[in-house]
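To start, the structure itself, in structure tokens.
The values are calculated or read from the model by the stated rules, or taken from the named source; none is laboratory data. For clarity, every value in this text was computed on a predicted model and none was experimentally measured. When we count neighbours, we look across all protein chains shown, and the Cβ atoms used for this are built from the backbone with ideal geometry, even at glycine. All accessible areas refer to the heavy atoms of the entire protein, side chains included, with ligands and DNA or RNA removed. Shrake-Rupley method; radii C 1.70, N 1.55, O 1.52, S 1.80 Å.
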Amino acid sequence: MDEHLFLFGQRVLTPSGEGEVMDTIGDKIVVKLDNGSTETFPSDDVQDNSNAG
């Protein structure tokens, strides 16, 4: 099993678009998307995007 570590404020890619980590709850990641909505994703569906730009 992959170990994922996501930190508050970290830029990530999700199935719904790019956003920023707001919280982690077990293996769920709460992300505020760039479109303004907030969604929760399984950690397997979230990818680090901190090296963007």
Which cross-chain or sequence-distant (5 or more) residues have an amide H under 5 Å from the amide H of Asn49, H modelled 1.01 Å from N in plane?
Arg11, Val12, Leu13
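Given the peptides 34-41, 5-12, arrange them by the average over their residues of other C-beta atoms within 10 Å, most packed first. Show your work: numbers first, answer last.
Numbers: 34-41: 12.5, 5-12: 14.0.
The most tightly packed comes first, giving 5-12, 34-41.
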Mean separation of Cα pairs under 8 Å and 6+ residues apart, divided by the residue count of the chain: what relative contact order is that in percent?
33 percent
Å² of accessible area per residue within the chain, as computed with a 1.4 Å probe and no ligands counted:
69 Å²
Can you pull the three principal axis extents for the Cα set of the chain, in Å, largest first?
30, 22, 19
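Give, as a single signed number, the net charge of other residues whose beta carbon lies under 9 Å from the beta carbon of Val12, with Lys and Arg counted +1 and Asp and Glu -1. Don't skip to the end; give the middle numbers.
Working: positive: Arg11; negative: Glu18, Glu20, Asp48.
Net charge around Val12: -2.
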